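The values are calculated or read from the model by the stated rules, or taken from the named source; none is laboratory data. Every value quoted in this text rests on a predicted model; they were computed, and no experiment measured them. Note that each Cβ is placed from the backbone with ideal geometry, even for glycine, and that neighbours are counted across all protein chains shown.
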2 protein chains.
Amino acid sequence: MKIPVVRDILEANERIAAENRRIFNENRVFVLNLMSAPGAGKTSLLERTVDTLNGEMQIGIIEGDIQSSIDAARLSKKGVATVQINTDGACHLDGNMIRGAFSHLDLKSLDLLIVENVGNLVCPAEFVMGEDHKVMILSVSEGDDKPLKYPLMFRESSVLLINKIDLLPYVDCSINKIKESSLKINPDLTIFEISCKTQEGLIGWYQWLRDMVRTSS
Amino acid sequence: MKIPVVRDILEANERIAAENRRIFNENRVFVLNLMSAPGAGKTSLLERTVDTLNGEMQIGIIEGDIQSSIDAARLSKKGVATVQINTDGACHLDGNMIRGAFSHLDLKSLDLLIVENVGNLVCPAEFVMGEDHKVMILSVSEGDDKPLKYPLMFRESSVLLINKIDLLPYVDCSINKIKESSLKINPDLTIFEISCKTQEGLIGWYQWLRDMVRTSS
């Protein structure tokens, strides 16, 4: 009995996500679903991105957390439109939660909407929400075996940001190993090596965003 | 319709976990459910623990991973009985998976069985498997806001190991903040500050294990 129920949930979610997608397209807003394990640097990446690109383009943020609004508070300080979703225990965001959240945003005024998913390297990759692309972060302190152990997220993502490269001298992690095994899973993956702390490598990520937003608007 | 189905799954799991628990008690084996986000150091902790305590006590390991047997290979090198569970997409271990796995172990000969759960700070905390205690690892590179954002695992665990303290000079993380907010969620939490890399602080963890195994056998 379990499997049909799960399939129903996934199918219902895909219908809602398709409808979200239609609304995003209509409003010419480019939408990213940002995923990673807890503490890999999603909110820090958003802070840097907003600092650099806000003004040049209109950015909106949806923050997904099981509990608390710590991340939304960090972002709204930057003066961008931010909505917090508390999933109340749920391990991922889905199409319906996003629909409830974006009704609080003026989509017409936005060029870029980034959804920060719940910190979880497993479940969020299974649920679409109407996004244009999935983007994932892996921090070097998590180790270089993660693509082999959590392949789905690497397969589903268009961009992999390898973060915290400033920690490379202090951790046992080979960037080449991460790249090799990620590209074996997903040969189309665009990879950036970055440090949100030192800002190293972020220029490539900003340029990718600019190109994508320009194409979609 | 969704909620009753989930409840059924949780209740069915609790029945199987209770039966596992009975079997573990009968065989006088002390069982831990080890949980953390991906890359926090579960397997490294097990390697150190086995190096130090194997011989003094008989240790068995069940490795839970979505895919691959990298971790089981690391542990079985150490000469301990190791079983790998591949969840094939599932984000946590449950009672039934453990039952299937421990049938491959000679429980009678074991003093301590450690189950390494799937790397995930959310879902594993919801599923019992018949363990005596839940133990969690948080690495300092994940940041000090994690107890507030993922409270369930901190509430359910008996022990919190704060790992990678060798990285403290290079990351923005306050150990005191982690301790304060964890203890607010769970005042009974036993906390050890450790580095699996330098072995700092591991003596307290070994002693906790010795005391627990002695009491249960």
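The residues of region B:1-52 that are assigned to a helix (DSSP H, G or I), modelled with pLDDT of 95 or more and among the small types (Gly, Ala, Ser), listed by number, are B:ALA17, B:ALA18, B:SER44.
For region B:195-214, which positions are at negative phi and in contact with an Asp or Glu (Cβ under 8 Å, 6 or more places away or on another chain)?
B:SER195, B:CYS196, B:LYS197, B:THR198, B:GLU200, B:ARG210, B:MET212, B:VAL213
Just checking, does region A:124-136 include any residue being within 14 Å of another protein chain (Cβ to nearest Cβ), closer than 16 Å to B:PRO38 by Cα and assigned to a helix (DSSP H, G or I)? Yes; the residues of region A:124-136 include at least one that is within 14 Å of another protein chain (Cβ to nearest Cβ), closer than 16 Å to B:PRO38 by Cα and assigned to a helix (DSSP H, G or I).
Among the residues making up region A:195-217, those that are free of Cβ contacts under 8 Å to residues at least 40 places away in the same chain and not hydroxyl-bearing (Ser, Thr, Tyr) are A:GLU200, A:GLY201, A:ILE203, A:GLY204, A:GLN207, A:ASP211, A:ARG214. Taking region B:183-217, which residues are among the charged types (D, E, K, R) and surrounded by fewer than 17 Cβ atoms within 10 Å (Cβ to Cβ)? B:LYS184, B:ASP188, B:GLU200, B:ARG210, B:ASP211, B:ARG214 - these are the residues of region B:183-217 that are among the charged types (D, E, K, R) and surrounded by fewer than 17 Cβ atoms within 10 Å (Cβ to Cβ).
Within region A:155-164, if we keep just the residues that are part of a loop (DSSP other than H, G, I, E, B) and over 22 Å from B:VAL118 (Cα atoms), the residue that is nearest to the other protein chains (Cβ to nearest Cβ) turns out to be A:LYS164. Hey, among the residues in region A:26-47 that are more than 14 Å from the chain's Cα centre (by Cα) and in contact (Cβ under 8 Å) with a residue 12 or more places away in the chain, which one's nearest to the other protein chains (Cβ to nearest Cβ)? Ranking the candidates gives A:VAL29 first.
From the list A:VAL213, A:VAL171, the one residue that fits, being modelled with pLDDT of 95 or more, closer than 30 Å to B:ASP88 by Cβ and of a type in the set (A, V, I, L, M, F, W, C), is A:VAL171.
Of the residues in region A:35-50, none is acidic (Asp, Glu) and over 23 Å from B:GLY39 (Cβ atoms). If the condition is being aliphatic (A, V, I, L, M) and either buried (at least 24 other Cβ atoms within 10 Å of the Cβ) or out of contact with any helix residue (DSSP H, G or I) (no Cβ under 6 Å at 6 or more places or on another chain) (or both), then region A:141-159 contributes A:MET153, A:VAL159. Within region A:62-100, track down each residue that is in a strand (DSSP E or B) and closer than 25 Å to B:CYS123 by Cβ. A:ILE62, A:GLU63, A:GLY64, A:ASP65, A:VAL83, A:GLN84, A:ILE85, A:ASN86, listed by residue number. Return the residue satisfying two criteria in turn: it lies in region A:48-60 and is of a type outside the set (S, T, N, Q) and closer than 22 Å to A:LEU138 by Cα, and of such residues it is nearest to the other protein chains (Cβ to nearest Cβ). My answer is A:ARG48. Return yes or no: is B:GLU180 surrounded by fewer than 17 Cβ atoms within 10 Å (Cβ to Cβ) and at pLDDT 95 or above? Against the criterion (surrounded by fewer than 17 Cβ atoms within 10 Å (Cβ to Cβ) and at pLDDT 95 or above), B:GLU180 qualifies.
The residues of region A:101-123 that are part of a helix (DSSP H, G or I) and under 19 Å from A:ASN27 (Cβ atoms), listed by number, are A:ALA101, A:PHE102, A:LEU107, A:LYS108, A:SER109. Looking at B:CYS196, B:CYS173, just one residue is assigned to a loop (DSSP other than H, G, I, E, B), within 22 Å of B:ASN117 (Cα to Cα) and of a type in the set (A, V, I, L, M, F, W, C), and that residue is B:CYS196.
If only residues of region A:61-91 that are at the interface with chain B (Cβ under 10 Å from one of its Cβ atoms) and touching a residue at least 40 places away in the same chain (Cβ under 8 Å) are counted, the one that is surrounded by the most Cβ atoms within 10 Å (Cβ to Cβ) is A:ASP65. The condition (being away from chain A (no Cβ under 14 Å) and touching a residue at least 12 places away in the same chain (Cβ under 8 Å)) is satisfied by just one residue among B:LEU167, B:LEU148, B:LEU152, B:LEU189: B:LEU189.
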